[in-house]
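Asks: The structure is given below, and queries will be raised subsequently.
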Amino acid sequence: MIVRYILNRFIYLKYRISYPNSKIAFGARISKGSKIGKNVNIGTNSTIIDSILSDSVTIYPSCNISKCLLEKNAVVYPGSSLYEVNLGRFSYVGRDSVVGRTRFGSFCSCGPSLLVGSGDHPHDYISSSPVFYSTLKQLGISFAKRDYFDELKETTIGNDVWIGARVFIRDGVKIGNGAIVGAGAVVVDNVPDYAVIGGVPARIIRFRFSDEIISQLLDIKWWEWNDDMLQKAQIHFAQNDPNLFLKWVKDNGFTYK
């Protein structure tokens, strides 16, 4: 225990020197293949492996971040594991989530215990066991000499998506911009832009806005605006009449189809 404490203390002091503009907690680990931006916060017992953390990223305690790109102001809450994840700016993943091979847009809000990227199985083969179709040797052995099924598909989640607590998303699914996924949903099919879905399996409940307004929002792509523009527009985001927002956009010189 004493030796471990001394080692952790040495590593902590090393990070203080290497990342003077960030806060790296005692007990955190950062691999040599990682790049850390300014004003980054990494909690105790969190591990960063071969990942890029942009400015103002926050990683809470007991997280594992491996081969990821976390953009500006992204947040990962305690106990979560991310592998091969791109997390867009101002997006967060709730606590105790396990996410792999997923690309998030910006401004996504993900509740706790999100599960994505666990791998898929064929449902029309004689057996669904990977020992017959995969060379990854999940069971320590494989009868297959090559891969017969794409079991590790990338999942794509658009911008400004809200995902409730305890949601499962099947590998390879695409969730559109502005969608809302209800708590406890099991998402097995693609989700259109601005759809509200829920259930097991998840089904479309309604759309957040009319087709005309959705089309205009997709043309505007406000999630690509810089921070100054977002600050100016803040009051128009925090209200429930999309037409007021669209009018403000047009009045400020933005055009859309």
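The values are calculated or read from the model by the stated rules, or taken from the named source; none is laboratory data. Quantities reported herein were computed from a predicted structural model and do not represent experimental measurements. Neighbour counts run over all protein chains shown; Cβ positions are idealised from the backbone, glycine included.
Asks: Within the set of pairs 6 or more residues apart or between chains, which connect a residue that is over 27 Å from ARG95 (Cα atoms) and without any contact (Cβ under 8 Å) to a residue 24 or more places away in the chain inside the stretch 107-131 to a residue that is loosely packed, with under 14 Cβ neighbours inside 10 Å and among the polar types (S, T, N, Q) with Cβ atoms less than 7 Å apart?
Replies: Taking only residues 6 or more apart or on different chains, the pairs are PRO130/GLN138.
Asks: Do we have ALA183 as buried (at least 17 other Cβ atoms within 10 Å of the Cβ), within 29 Å of TYR77 (Cα to Cα) and small (Gly, Ala, Ser) here?
Replies: Judged against the criteria, ALA183 is not a match.
Asks: Return the residues of the stretch 89-115 that are part of a strand (DSSP E or B) and not aromatic (Phe, Trp, Tyr); say none if nothing qualifies.
Replies: Kept after step one, since they are part of a strand (DSSP E or B), are these residues of the stretch 89-115: 92-93, 98-104, 109-110, 115.
Residues satisfying the conditions are VAL93, VAL98, VAL99, GLY100, ARG101, THR102, ARG103, SER109, CYS110, LEU115.
Asks: Restricting the stretch 151-174 to residues that are part of a strand (DSSP E or B) and of a type outside the set (Val, Ile, Thr), which is surrounded by the most Cβ atoms within 10 Å (Cβ to Cβ)?
Replies: The initial filter retains those residues of the stretch 151-174 that are part of a strand (DSSP E or B), namely 155-157, 162-163, 168-169, 174.
Next, only the ones that are of a type outside the set (Val, Ile, Thr) stay: 162, 168, 174.
Values: TRP162: 15, PHE168: 17, LYS174: 15.
Top of the filtered list is PHE168.
This table checks each residue for (1) farther than 30 Å from SER118 by Cα; (2) of a type in the set (Val, Ile, Thr).
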residue	(1), (2)
LEU152	no, no
ASP160	no, no
LYS174	no, no
ILE197	no, yes
ILE204	no, yes
TRP225	yes, no
ASP228	yes, no
GLN239	yes, no
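Asks: Further question on the same structure: Mind listing whichever residues of the stretch 130-150 are among the polar types (S, T, N, Q), within 30 Å of the chain's Cα centre (by Cα) and surrounded by 15 or more Cβ atoms within 10 Å (Cβ to Cβ)? Outline the logic, then answer.
Replies: Of the residues in the stretch 130-150, the ones among the polar types (S, T, N, Q) are 134-135, 138, 142.
With the extra rule that they be within 30 Å of the chain's Cα centre (by Cα), the set shrinks to 134-135, 138.
Once the filter is applied, which keeps residues that are among the polar types (S, T, N, Q), within 30 Å of the chain's Cα centre (by Cα) and surrounded by 15 or more Cβ atoms within 10 Å (Cβ to Cβ), the stretch 130-150 yields only SER134.
Asks: Select from the stretch 227-246 the residues that are under 21 Å from PHE207 (Cβ atoms) and either touching a His at 6+ places or on another chain (Cβ under 7 Å) or among the charged types (D, E, K, R) (or both) and list them in ascending order.
Replies: ASP241, LEU244, PHE245
Asks: Please find, among GLY100, GLY94, GLY117, the residue that is over 16 Å from ALA179 (Cα atoms) and either in contact with a Lys or Arg (Cβ under 6 Å, 6 or more places away or on another chain) or of a type in the set (Ser, Thr, Tyr) (or both).
Replies: GLY117
Asks: Still on this structure: Are any of the residues in the stretch 71-82 within 18 Å of LYS35 (Cβ to Cβ) and out of contact with any strand residue (DSSP E or B) (no Cβ under 9 Å at 6 or more places or on another chain)?
Replies: yes
Asks: Being part of a strand (DSSP E or B) and buried (at least 22 other Cβ atoms within 10 Å of the Cβ) is the filter here; which residues of the stretch 76-88 pass it?
Replies: Those that are part of a strand (DSSP E or B) and buried (at least 22 other Cβ atoms within 10 Å of the Cβ): VAL76, LEU82, VAL85, LEU87.
Asks: Can I ask one more? Could you go through the stretch 42-61 and let me know if any residue there is without any contact (Cβ under 8 Å) to a residue 24 or more places away in the chain, farther than 21 Å from ALA179 by Cα and acidic (Asp, Glu).
Replies: The answer is yes; a qualifying residue exists.
Residue by residue, here is whether (1) within 17 Å of the chain's Cα centre (by Cα); (2) modelled with pLDDT under 90 holds:
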| residue | (1), (2) |
| --- | --- |
| ASP120 | no, yes |
| ILE126 | no, yes |
| LEU152 | yes, yes |
| THR156 | yes, no |
| GLY182 | yes, no |
| VAL196 | no, no |
| ILE205 | no, no |
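Asks: Condition first: part of a strand (DSSP E or B) and crowded, with 18+ Cβ neighbours inside 10 Å. Now tell me which residues in the stretch 26-51 satisfy that.
Replies: Those that are part of a strand (DSSP E or B) and crowded, with 18+ Cβ neighbours inside 10 Å: ILE30, ILE36, ILE42, THR47, ILE48.
Asks: With the structure loaded, tell me whether ILE36 is touching a Ser or Thr at 6+ places or on another chain (Cβ under 7 Å) and of a type in the set (A, V, I, L, M) or whether it fails that test.
Replies: yes
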